[in-house]
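Since the structure comes first, as structure tokens, the remarks are kept for the end.
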Amino acid sequence: MKKVIAAVLVVVLLLGGAAFFGMSVLGSTLGTLMAVCQPRGDGAQGELVVVGDLPAVDGFTDVQVRNAAVIVSIANQRGLGAQGARVGIITALQESGLRNLANAGKFRYPARTTVMTAAQWAAIQPFVASSVNYPNDGVAPGDWDSIGLFQGRPSAGWGGQGSWTERITNLLNPSYTAGRFFDALVKIDGWQQMRPAAAAQAVQRSAYPDAYDKHWEKSGVLVQALTGVDVSNTSGGPCAAPVSNGPVTADGWTKPITNYKKLTSPFGMRFHPVDNVWKLHAGMDISAARGTPFFAAADGLVVKAGAAGSNANGLQWVVIDHGGGVVTRYLHSDPGGIFVKPGQRVTAGQQIAAVGMSGKTTGPHLHFEVVIDGKPVNPLPFLEERGITF
């Protein structure tokens, strides 16, 4: 084991500025060892031109091949190369089966949600259901107002800002909706170095973030059949921080940690185990092994990352501003266990740090806080209102 660790450390020193991801605990005396990361594939390989008649591709219908050709063409227009095209295809395969789906508007309003009010859903439901009257490749029962190749929601702005008719028409236009997907993809910092499924999830915020992976080989088959270009060496990279395997709700929230032991201390007044005084515990403590990844609970802007201050007993933390007066805080990472920096935008489910024991703590855990307009609130009911339960 010592030889392996020494070899890894030598590689780290040689690579200097190489990117890192993940953490693994090698015992209490060894601490945390970062894994070396090397990107694979160049991400873009020149022109990807779809020429001539569309080919028959084993395992795919003519409709799927036609929609894949649109995605490849739009990716090529944007200069995103094989990697961009393949990320688009794996996303469409998972979201719609690579079909341009209308929405029958049969989604039943849930008992608890903050996506929209019941009155708002009742108002837009007839417009959503009208999508079946436009050219499409099939009709889905409906998940909220999701429509089209990438299952974009017009109420969330994916169909543009025009009338409902214009939004629905846009979302049933594969060229338009592929363009909107790539508009969002290129805004993700370092998407080219991400694991392809992570790049797709950063845009889509799916309830099934790991599901995109299974379509990667299929995407290569389609791109190569359509363009004649060998794309076997485009595999994305492992360099980006991993994404959570937990679902992202329609409200845009996810569990800040998925691999944990138990909730050890709830929000509220308690006798502090270190200070030995009664005081407000402003968040909830989630016990987990040292080095366990934790994630941004929603999209936002990192405003603090690292040491909490000279009077914080060595505490390391991350603070994310989600807008609208909502802030989340993540406490107790070890030094070197934080993977974001102030000013960086993060997406729901993106790893931001790892569990540690910095500051006043009796064991490794994530202390998670939700602050609204400067006032801490109980995180459990806040998350439950947004579809997240522990």
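The values are calculated or read from the model by the stated rules, or taken from the named source; none is laboratory data. The model shown is predicted, which means the values in this text are computed figures rather than measured ones. Glycine also receives a Cβ, built like all others from the backbone with ideal geometry; neighbour counts cover every protein chain displayed. What goes into the accessible areas is simple: the full protein's heavy atoms, side chains included, and nothing from ligands, DNA or RNA. Shrake-Rupley method; radii C 1.70, N 1.55, O 1.52, S 1.80 Å.
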Pick from the range 109-135 the residues that are polar (S, T, N, Q) and open to solvent by less than 50 Å² (accessible area, probe 1.4 Å): which of them is farthest from residue 67 (Cα to Cα)?
113
Restricting to the range 136-157, name every residue that is among the charged types (D, E, K, R), surrounded by 17 or more Cβ atoms within 10 Å (Cβ to Cβ) and closer than 19 Å to residue 110 by Cα.
145, 153
The one condition residue 320 fails out of (1) open to solvent by less than 10 Å² (accessible area, probe 1.4 Å); (2) in a strand (DSSP E or B); (3) in contact (Cβ under 8 Å) with a residue 60 or more places away in the chain; (4) farther than 16 Å from residue 291 by Cα is (3)
Select from the range 271-317 the residues that are farther than 12 Å from residue 352 by Cβ, surrounded by 14 or more Cβ atoms within 10 Å (Cβ to Cβ) and basic (Lys, Arg) and list them in ascending order.
290
I want to confirm something. Restricting to the range 90-108 and keeping residues that are touching a Leu at 6+ places or on another chain (Cβ under 6 Å) and in a helix (DSSP H, G or I), which single residue is surrounded by the fewest Cβ atoms within 10 Å (Cβ to Cβ)?
96
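What do you reckon, is residue 353 among the small types (Gly, Ala, Ser) and in a strand (DSSP E or B)? Write out each step before concluding.
On the way: among the small types (Gly, Ala, Ser): yes; in a strand (DSSP E or B): yes.
It is true that residue 353 is among the small types (Gly, Ala, Ser) and in a strand (DSSP E or B).
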Working only within the range 110-132, note down all residues that are in contact (Cβ under 8 Å) with a residue 24 or more places away in the chain, closer than 27 Å to residue 384 by Cα and hydroxyl-bearing (Ser, Thr, Tyr).
113, 114
List the residue pairs whose Cβ atoms are under 9 Å apart, where the first residue sits in the range 364-381 and is among the charged types (D, E, K, R), the second is not in a strand (DSSP E or B), and the two are 6 or more positions apart or on different chains.
369/267; 369/282; 369/283; 369/379; 373/325
